[in-house]
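Q: Below is one structure. I have some questions about it.
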Amino acid sequence: MRKEEKTQIIESISAQIKETPNFYITDISGLNAEATSKLRRACFEKGIKLVVVKNTLFHKALMEMNNEEIALLYPSLEGPTAIMYTETPNAPAKLIKEYAKDGAEKPALKAAYVQECSFVGANKLDELCNIKSREELIGDIVGLLQSPARNVISALQSAGGKLAGIVKTLSERE
């Protein structure tokens with residue numbers, strides 16, 4: 001591979017990371033063509049872009065980011081590597097866990113960079129599955145903000161006629 005080709009690949013990897021900053025470093029080696037095709041189809045359905053990369057080129061693209069948190073991922077770039085790029089932070093983790101339930105050893109999680117945090121090692125899979133997406137967090141916040149208002153409205157509705165009597169009595173005292 002010529003130097004120009006390598007430079008183009010590094011630039012495309014950098015552009016992909018800027019476009020979708022959440023990515024998982026996985027190992028899909030040993031999968032046959034049918035299993036690989038099934039995995040790619042599952043990734044496509046969940047909005048995950050699966051790309052096999054050369055470790056040295058991916059390492060150089062990550063080094064250009066000049067980020068201390070990303071530097072924690074460098075040791076995981078050994079052996080066959082596939083990158084799962086995603087907009088939804090926990091989608092690849094759930095997909096990997098789904099495959100593990102079926103008894104498949106691959107894809108295997110090596111590391112992940114999700115929401116500007118590094119997760120290194122397969123033992124972080126459960127933690128990654130529990131990460132909430134931006135939309136889920138917004139929904140939780142809205143629910144928390146609506147809760148006090150719901151309680152007040154509920155109390156007023158359950159009081160019903162009692163509340164009207166209390167207001168009438170208070171107004172007559174003046």
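Q: Would you mind checking the tilt of helix 55-65 against the longest principal axis of the Cα atoms of the chain, expressed as 0 to 90 degrees and rounded to 10?
A: Approximately 50 degrees, to the nearest ten.
Q: Here is a further query. Tell me the angle of helix 3-19 to the major Cα principal axis of the chain, expressed in degrees between 0 and 90 and rounded to the nearest ten.
A: So the inclination is approximately 10 degrees.
Q: Need the list of aspartates and glutamates near residue 106 for cross-linking: C-alpha distance under 19 angstrom, and skip anything on the same chain fewer than eight residues off.
A: Output for residue 106: 27, 34, 45, 78, 98, 126, 127.
Q: Taking 0.36 nm per intervening residue step and subtracting the Cα-Cα distance, what contour gain separates residue 105 from residue 29 on full extension?
A: Fully extending the segment from residue 105 to residue 29 adds 26.4 nm.
Q: Let me ask you something else. On C-alpha positions alone, give me the angle between the axis of helix 33-45 and the longest principal axis of the chain, in degrees, nearest 10.
A: 30
Q: Using helices alone, I'd like the mean residue ellipticity at 222 nm for the chain: each DSSP H run of four-plus residues gives -39500 (n - 2.57), total over residue count, nearest 500.
A: Value at 222 nm, helices only: -18000 deg cm²/dmol.
Q: May I ask you to order 78-91, 2-15 by the average number of other C-beta atoms within 10 Å around their residues, highest value first? Mind showing how you got there, number by number?
A: Working: 78-91: 18.9, 2-15: 12.9.
Ranking the peptides 78-91, 2-15 by packing returns 78-91, 2-15.
Q: Full-extension gain between residue 20 and residue 55, please, as 0.36 nm times their residue separation minus the C-alpha to C-alpha distance.
A: 10.7 nm
Q: Tell me the net charge near residue 111. Cut-off is 12 Å between Cβ atoms, residue 111 excluded, with +1 for each Lys or Arg and -1 for each Asp or Glu.
A: After counting each charged neighbour, the total is -1.
Q: Hey, what did the chain get for relative contact order, percent, Cα under 8 Å, at least 6 apart?
A: About 27 percent, as a whole number.
Q: Carbon and sulfur: what percent of the chain's accessible surface (1.4 Å probe)?
A: Reported share for carbon and sulfur atoms: 54 percent.
Q: Still on this structure, I have one more. To the nearest 20 debye, what is the magnitude of the charge dipole of the chain about its Cα centre, counting +1 on the Cβ of each Lys and Arg and -1 on the Cβ of each Asp and Glu?
A: That gives a dipole near 320 debye.
Q: Using the heavy atoms of the protein chains and a 1.4 angstrom probe, tell me the accessible area per residue for the chain in square angstrom. Before the final figure, lay out each step's value.
A: Values: 11240 Å² over 174 residues.
Here the per-residue accessible area is 65 Å².
Q: Taking the dipole about the Cα centre of the range 17-100, with the C-beta of Lys and Arg at +1 and of Asp and Glu at -1, give me whichever of 88, 30, 67 is farthest to the positive side.
A: 30
Q: Report the charge-dipole magnitude of the range 93-135 in Debye, nearest 20, computed about the Cα centre from +1 at each Lys and Arg Cβ and -1 at each Asp and Glu Cβ.
A: 40
Q: Could you run the Karplus curve 6.51 cos²θ - 1.76 cosθ + 1.60 with θ = phi - 60° over the range 117-126 and give me ³J(HN,Hα) per residue in whole Hz, x for Gly and Pro?
A: Along the range 117-126, the couplings run 10, 9, 10, 10, x, 5, 5, 8, 4, 5 Hz.
Q: Then there's this: Answer rounded, prolate or oblate for the range 1-55, using the Cα gyration tensor with square roots of eigenvalues a ≥ b ≥ c: rounded when a/c is under 1.5, else prolate when a/b is larger than b/c, else oblate.
A: Since a/c reaches 1.5 but b/c is at least a/b, the shape of the range 1-55 is classed as oblate.
Q: Tabulate in residue order the Karplus-calculated ³J(HN,Hα) for the range 97-110, using 6.51 cos²θ - 1.76 cosθ + 1.60 with θ = phi - 60°, rounded to whole Hz; enter x for Gly and Pro.
A: Per residue, the Karplus-derived 3J(HN,Hα) values read 5, 4, 5, 5, 4, 7, x, 7, 7, 10, x, 10, 6, 9 Hz.
The values are calculated or read from the model by the stated rules, or taken from the named source; none is laboratory data. Keep in mind it's a predicted model, so treat the numbers as computed, not measured. Please note: Cβ atoms are built from the backbone with ideal geometry, for glycine as well, and neighbour counts cover all protein chains shown. Please note that ligands, DNA and RNA were not included when accessible areas were found on the heavy atoms of the full protein model with its side chains. Shrake-Rupley method; radii C 1.70, N 1.55, O 1.52, S 1.80 Å.
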